[in-house]
Amino acid sequence: MYGIQDVFLPRLTANESDRKNYIRGLVIMLLKLIGSFLKIGCIAFGGGSALIPVIEKEIVTNKGFLSGQDYTKHTIVANITPGALVVKLACLAGHQLGGVTGMVACASAVAFPGALVTILLLMLLSQIGGSAIHQLALASVGISIFIIYLLIGYIQKVFRDARTSSFSRVAVFLSLSAFIVTCGGNLRKLLTILLGESPLWSSPPLIGLSTIDLLGLAFFVIFFTGGNIKSWRMAVAAIIAAPYLLLFGKSNPFPDSAAKPILQLLMFGMAAFFLIRDSIRDTPKKPKRPDWRSLFCQLFAWVTFMAIFIIPVFFLFRYAYQFQLSGILSTITSFGGGEAYLSVADGLFVATGKISATAYYGQIAPVANTLPGPILVKILSAAGYSIGFSEGGGIITGLAFAVSGFGISIGATCLVCVLANTAYTCFTDFKVFRVLNQWILPIICGLLLTVTLSMLCEMLNVTAEAGVGGIVPLIGFAFLFFAVSFLSRWFHWNDVLVLLMAGGVSVLVLNYIASAF
């Protein structure tokens, strides 16, 4: 029978002195981890995918908490499961380094700053108006440039590693392919902002996959072909990919066609068959046995975590259960990043009349998009505050619902993540999963290039509102980018100092331009 320490701490030695030293070292490690993830939560602009290199720089490069190989594994698991990506990365890193306690602490720490400031701004919005949000938007221009600098550095690192393993040509092809099939919408926005409307790019892009659709295609190709580029199966995969790109693109000519589920079922069956066959042939040993004790502890911790945030609010406000069930359902079905969750939340809370469209699109969405942190957590916390405030008629009820939304978004995200991580660990020695390790990072690099385009569009929208339009802002962005690069690489400034400098410069310059012109 397990005691409390067996549930919330890794198994300790029987020696009392070793036990105390272990706990002391664990506490120090936890404090460092929590500090790192609080820092990441404060600078987490740009969305989930954009934060992959930010987290790697902090916990792999700077602090050395994790190896690059372990972080790559975490990245794969986080990308194939629903929920807030940055929360999943914090959850997996926290568990590996600090057990269940570290898992819960890190996942909560990375989401806390953004959710807290979101609720505070919503509470103060009637007093401060949009001025504070406007200044945050101006600061986000410089901060986004810092994030783009990290993105480019991450992409360079992936290609350096690919070059050493004679994988560079395939890596370039995968990245460019991922970028081409996902960048259409953002490229269209960028051209419209810079050059105005034109028939050449006014219609939706023919190919424009979402993140989850791209990953679905990528996993089909990897599992079906086993990574063998020269096999006949790669030619078949290419033939199947053509209608997939057409049917799942943004300008799908057959939106109500039954071909989509049929194609998905066909791809799933083909991938599953060859995955099982190749695994039996190429891997003589059996899958690893799951660590059932560890899995039980993790699941128990997250169920308990969610119960702490759900049960008190439910007993105080019986009508809270509808919001809580919607929050759990929306989290575990939320694929495709924070932007996708905006539409999910619209369907659950705006379309059902629980939140007015004015409040959602006039306050909640702008605040969540402007502030750092995982969008899913911020939106669900803010939606809880809005529903609680309107139905309960006060700030206290709103705060109770917001706290419940915060706990649900983290708990539901991590509950699915730990299940996927256990399954992945059991099969990680199979050849196809080694191929997955090699292929996934270049694909993510392609997605990060699309994220960079999206961030450029948002930055140009902010500068346009400040009175600077056209191509001129791009020159300023380039100067600030080189300044960030120079201070980071040559003067070795701390990341926080560089970020504050970039954000401060953008606020000062854009405020000056707005007042002068």
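Per the conditions (1) surrounded by fewer than 17 Cβ atoms within 10 Å (Cβ to Cβ); (2) modelled with pLDDT under 90, the sole criterion not satisfied by GLY249 is (1).
Quick one: what pairs do we get from the range 65-77, first residue on the phi > 0 side of the Ramachandran plot, second charged (D, E, K, R) and surrounded by 19 or more Cβ atoms within 10 Å (Cβ to Cβ), C-beta under 8 Å, 6+ apart or different chains? From the range 65-77, no pairs qualify. The single condition among (1) hydrophobic (A, V, I, L, M, F, W, C); (2) modelled with pLDDT under 90; (3) in contact with a Ser or Thr (Cβ under 8 Å, 6 or more places away or on another chain); (4) more than 23 Å from THR452 (Cβ to Cβ) that ALA111 does not meet is (2). Each residue in the range 459-470 was checked for being touching a residue at least 60 places away in the same chain (Cβ under 8 Å) and touching a helix residue (DSSP H, G or I) at 6+ places or on another chain (Cβ under 6 Å), and 5 pass. Inspect all residues belonging to the range 50-68 and state whether any of them is of a type in the set (Phe, Trp, Tyr) and part of a helix (DSSP H, G or I). No: the range 50-68 contains no residue that is of a type in the set (Phe, Trp, Tyr) and part of a helix (DSSP H, G or I).
Could you tell me whether any residue of the range 449-464 is in a helix (DSSP H, G or I), under 30 Å from ASN228 (Cβ atoms), at pLDDT 85 or above and not hydroxyl-bearing (Ser, Thr, Tyr)? Yes: the range 449-464 contains one or more residues that are in a helix (DSSP H, G or I), under 30 Å from ASN228 (Cβ atoms), at pLDDT 85 or above and not hydroxyl-bearing (Ser, Thr, Tyr). Counting only residues that are touching a residue at least 40 places away in the same chain (Cβ under 8 Å) and either hydroxyl-bearing (Ser, Thr, Tyr) or in contact with a Cys (Cβ under 8 Å, 6 or more places away or on another chain) (or both), how many does the range 471-517 have? Count: 3.
The values are calculated or read from the model by the stated rules, or taken from the named source; none is laboratory data. A quick note: this is a predicted structure, and the numbers were derived from the prediction, not measured. A quick note on method: Cβ atoms are made from the backbone with ideal geometry, for glycine too, and the neighbour counts reach across all protein chains shown.
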